[in-house]
Amino acid sequence: MKLRSGYNIRLAGRPAGRISVPDQPDILLLPQRSRRLQFNKLLVKSGQSVRCGQVLAIATGQFDLPLLAPLDGIVRLRVHRGHIQLESLRRGEPRVASAGDAPTGTHKQALIDLGAWSYLYDAHGDGVPDPARPVAAAIVATTQLEPFAGPRGDVLLSDSLNAFLRGLDCLVSLVDGVTYVAVPRSRNSLAVQLRQSLSEMPRIQVVDIPLRYPLDHFNVLALALGLKSSREQTVWGLQTEGVLAIDQALNGRQPLLDRVVAVGGSAVSEPVHLRVPVGYPIQSLLAGRVTQAPHRVINGGVLNGQTVDEHQLGVGVESTGFTVLLEPTRRELWGFVRTGLDRISYSNCFMSLFRPKYPEPLTTALRGEHRPCIGCGFCEELCPAGIMPHWIHKLAYRDALEEIDRCAAHKCVGCGLCSYVCPSKLDLRREIRDANEAIRRDLHTAEATETEEVVG
């Protein structure tokens, strides 16, 4: 297997190597929408008392995946738009499912009912996998290479290696083919122990990956391994926490009510990993851990995350990390003549090139201005999919969708590296995404219609 390109991103504010548990909040604010899921059908009423693990809502467009109550409490609706508020919280005992008590008696249904299915991804499209489709293979990434996008694999595995191995046993039973486990190329004791344990397990193949983002991305690994999805079968992708969720659901038969989230970045005075119930207020999560200076909170990492706004007041079902960056309010004086001793650049054009490796205190500042493409080729050098973002950018200006389609723009994995290293500050990731959407909408739809007319 050949993994190409990638880049090691070093940012200041790395979370601590242990998991802390904060105090229980007064209320929980459960978002009804996340990146892939929309819990649009409420099953509770305002003022209703609910028990820990009870279904509050389901996502009818995503196989009826449930939103579970993390604690005992009283439901309040329409207090915060798009959120279910729980108050009068009590730490209750979650209902433990008996073996095979899922409606269809299947392990897949148990993963859905107990809230573990949201940890699974379609390895090629990042969508929610269809439970009805057979699983040709699975890819497990044991490392998180986008800074602060989620909990580090070593932090999760240091105290839960046995649970991880039990979860892998269950995962293998759900997969028709091979389960590939991506392990970083490291000689530390945990990585050595993990490799040794995996070598003794049947139908599991270890994939060594260098510590370069986004080589832990499911789509990148699936392409390198030659794995393909079809209408008849799919390829699953899971992070370390996904395998631990499978163990808790199928072996412990308990619902997934908590999330481990990473909190890091240049504006964080106390970078940390936290175990919190779903719905934990983000304001309470960051209180006392973030500087008083202006900052921006991002749900996820700096390359793929989204700015937290009024649409997300609490930790969501799919929340894995929060990046908090300093947000300068004034333009840097004489910035164009500064030597860049504190700036890391792929182009190696700053004085930081002569410093030993260090984590960069990244901010939200653009550090420059938008300019036309200079044809440096940095985006092409780093692209893990082997496409040419700079050329697609030029074709997009001409609305040349057919030429963009021939450039294999559909292979883009959306990692955002092209935008991150672009010296002209072009949002190449967004341009490629928009071009692919236009191709699907305007080009392929038209071709399919013409084919139907010919057949008719």
Please give me the summed charge of the neighbours of E87: other residues whose Cβ is under 10 Å from its Cβ, Lys and Arg +1, Asp and Glu -1. 0
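Can you give the calculated 222 nm mean residue ellipticity of the chain, where each DSSP H run of n ≥ 4 adds -39,500 (n - 2.57) and the sum is split over every residue, rounded to the nearest 500 deg cm²/dmol?
-6000 deg cm²/dmol
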Once the dipole of the chain is set up from charges on Cβ (+1 Lys and Arg, -1 Asp and Glu), the residue from the list A110, C349, S88 lying farthest towards its positive end is C349
Of the beta bridges DSSP finds with both residues in the chain, what % are antiparallel, to the nearest 5? 60
What FRET efficiency comes out for S230 versus K2 if R0 is 25 angstrom and r is the Cβ-Cβ distance? Round to the nearest 0.05. 0.60
What do you get for Rg/Rh of region 19-251 when both radii come from the Cα atoms and Rh is the Kirkwood radius? 0.98
Please turn the phi angles of region 364-374 into ³J(HN,Hα) values with the Karplus equation 6.51 cos²θ - 1.76 cosθ + 1.60 (θ = phi - 60°), one per residue in order, whole Hz, x for glycine and proline. 7, 5, 5, 6, x, 9, 5, 9, x, 4, 9
When the Debye formula is applied to the Cα atoms of region 194-324, each taken as the same point scatterer, what base-10 log of I(q)/I(0) results at q = 0.10, 0.16, 0.21, 0.22 Å⁻¹? -0.46, -1.03, -1.29, -1.33
Quick one: Karplus J couplings for region 398-410, per residue in order, coefficients 6.51, -1.76, 1.60, θ = phi - 60°, nearest Hz, x for Gly and Pro? 9, 6, 8, 5, 5, 5, 4, 5, 6, 7, 6, 4, 5
Within the chain, what's the longest run with no GluC sites (Glu not before Pro) in a DSSP loop and at most 12 other beta-carbon atoms within 10 Å? Give the range, please. 1-199
At a Cα cut-off below 18 Å, give the lysines reachable from K41, other chains included and same-chain residues fewer than 8 away excluded. none
Can you list residues from other chains, or at least 5 along the same chain, whose modelled amide H is less than 5 Å from the amide H of L65? A59
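Provide the three semi-axes, in whole Å and in decreasing order, of the ellipsoid equivalent to region 158-245 as defined by the square roots of 5 times the Cα gyration tensor eigenvalues.
Details: eigenvalues 89, 57, 26 Å².
Output for region 158-245: semi-axes of 21, 17, 11 Å.
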Under a 1.4 Å probe, counting only protein heavy atoms, M351 has an accessible area in Å², nearest 10, of 90
By how many nm would the segment from S345 to V79 grow when fully extended, if each residue of separation counts as 0.36 nm and the alpha-carbon distance is taken off? 91.2 nm
Relative to the compact-globule estimate 2.2 N^0.38 Å (N residues), the Cα gyration radius of region 235-303 stands at a ratio of 1.36
Short version: ³J(HN,Hα) in whole Hz for each residue of region 242-251, in order, from phi by Karplus 6.51 cos²θ - 1.76 cosθ + 1.60 (θ = phi - 60°), x for Gly and Pro, what are they? x, 5, 5, 5, 4, 4, 5, 6, 8, 8
Only Lys, Arg, Asp and Glu count, each charged at its Cβ (+1, +1, -1, -1), so figure out the dipole size of region 19-251 about its Cα centre, rounded to 20 debye. 540
Calculate I(q)/I(0) for region 39-151 by the Debye formula, one identical point scatterer on each C-alpha and no solvent, and give its log10 at q = 0.12, 0.14, 0.21 Å⁻¹ to two decimals. -0.56, -0.74, -1.21
Could you work out the pair-distance distribution P(r) of region 142-181 from its alpha-carbon pairs, with 10 angstrom bin width and percents rounded to whole numbers? 27, 42, 30, 1
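For region 31-88, what is the Kirkwood estimate of the hydrodynamic radius, computed as the reciprocal of the mean inverse distance between distinct Cα atoms, to one decimal in Å?
That comes to 11.4 Å for region 31-88.
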Grab every C-alpha pair in region 298-392, bin the distances at 5 angstrom width from 0 up to the longest one, and report whole percents. 2, 9, 14, 16, 19, 18, 12, 6, 2, 0
Taking 0.36 nm per intervening residue step and subtracting the Cα-Cα distance, what contour gain separates R367 from L211 on full extension? 53.5 nm
Projected convex hull area of the chain, Cα atoms, direction-averaged, in nm², equals 24.5
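The values are calculated or read from the model by the stated rules, or taken from the named source; none is laboratory data. Computed from a predicted structure; not experimentally measured. Every residue, glycine among them, receives a Cβ derived from its backbone with ideal geometry; neighbour counts consider all protein chains shown. Protein only, heavy atoms only, side chains kept; ligands, DNA and RNA dropped before computing areas. Shrake-Rupley method; radii C 1.70, N 1.55, O 1.52, S 1.80 Å.
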